[in-house]
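Below: one structure, written as structure tokens.
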Amino acid sequence: MRVVITGAATGIGAETVRILKKGGHEVHALDIVEPANVDEWHHVDLANMEAIKVVCEKLEGSFDVLINNAGLPPRMDNQIQLLSVNIFGLREVTCQMLPKLNDGARIVSTASRAGLMWQENIKEVKALLDLEHPDGLPTFLAQRDIDPKRAYNLSKEAVIAYTKSLTKLLLTRDIRINSVSPAPVATDILDDFMAALGERAAEAIALPGRAGKPEEVARVIAFLAGEDSSWIKGEDVLVDGGVSAMVTSAALGLSL
């Protein structure tokens, strides 16, 4: 397989690259930091839509897989950059890469358990996705008083909704698109999530007894990127150590 991946330098992305290379696949990375062990690296700021267009034009040949893994955690006053990378950059990479994807290709995007309320927040999600460019974000954020925590959750809600919205359209080319939603994962940015999400993040670690490992999420991404997952289309796959099941069970009074 010929694969393009964003956010390949650290964490889940780096583990995904390792798994893909171990399987003998060709990996091309789009990242602001140079990753290890890839066949080709293109430097790009995924908050810059014009830069994304330029770098995607440089990719030669056709590809079998696109993995949208790049993302920023919530930090002090980073709402615009966060949304620019997490959803606008993801959407721009996808749009630019679609003509370069072979029929029967696979697209996998990293969402988050933080985006599971996408249906309840669908009006705000749709309003975000209706924006054509990040230039509209300052007004959008001000009108809704969105802080970094809400911006992160919203970005991942939008990833899940965007994935589902493309499913039928891509069937004409037999391209499969799915997303993956991890609970907290032991990466370099875990402290950012703990600081921003507080008790919710702590519970998502306490319930299963630990944070997830990057390779545990990467293996699911690699599976969805491969041919063995051929009948999984338009799904958001939870990789959370059972957190969602335990929360749901407790809420419904099913806990033994």
Residue pairs qualifying under the 7 Å Cβ cut-off, at least six apart or on distinct chains, with the first in segment 13-38 being on the phi > 0 side of the Ramachandran plot and the second being open to solvent by 10 Å² or more (accessible area, probe 1.4 Å) and at pLDDT 95 or above, are Asn37/Arg18; Asn37/Lys21
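For segment 26-48, name all the residues that are within 19 Å of Asn78 (Cβ to Cβ), open to solvent by less than 60 Å² (accessible area, probe 1.4 Å) and among the aliphatic types (A, V, I, L, M). Please lay out each step first, then the result.
The initial filter retains those residues of segment 26-48 that are within 19 Å of Asn78 (Cβ to Cβ), namely 31-33, 44-48.
Cutting the leftovers down to open to solvent by less than 60 Å² (accessible area, probe 1.4 Å) gives us 31, 44, 46-47.
Correct list: Val44, Leu46, Ala47.
Return the residues of segment 101-135 that are among the charged types (D, E, K, R), closer than 15 Å to Ile177 by Cβ and more than 15 Å from the chain's Cα centre (by Cα); say none if nothing qualifies. Reasoning before the result, please.
Within segment 101-135, the subset among the charged types (D, E, K, R) is 103, 106, 113, 120, 123-124, 126, 130, 132, 135.
Those still in the list that are closer than 15 Å to Ile177 by Cβ too: 103, 106.
Asp103, the sole residue that qualifies.
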key: So Glu227, is it among the charged types (D, E, K, R), out of contact with any helix residue (DSSP H, G or I) (no Cβ under 7 Å at 6 or more places or on another chain) and open to solvent by 30 Å² or more (accessible area, probe 1.4 Å)   = yes
Of (1) more than 15 Å from the chain's Cα centre (by Cα); (2) at pLDDT below 90; (3) open to solvent by less than 70 Å² (accessible area, probe 1.4 Å); (4) of a type outside the set (Val, Ile, Thr), Lys233 fails just (2)
Among (1) open to solvent by 30 Å² or more (accessible area, probe 1.4 Å); (2) over 15 Å from Pro182 (Cβ atoms); (3) at pLDDT 95 or above, Leu256 falls short only on (3)
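The values are calculated or read from the model by the stated rules, or taken from the named source; none is laboratory data. Keep in mind it's a predicted model, so treat the numbers as computed, not measured. Backbone-built Cβ (ideal geometry, glycine too); neighbour counts: all protein chains shown. SASA here: full protein model, heavy atoms, side chains in, ligands and nucleic acids out. Shrake-Rupley method; radii C 1.70, N 1.55, O 1.52, S 1.80 Å.
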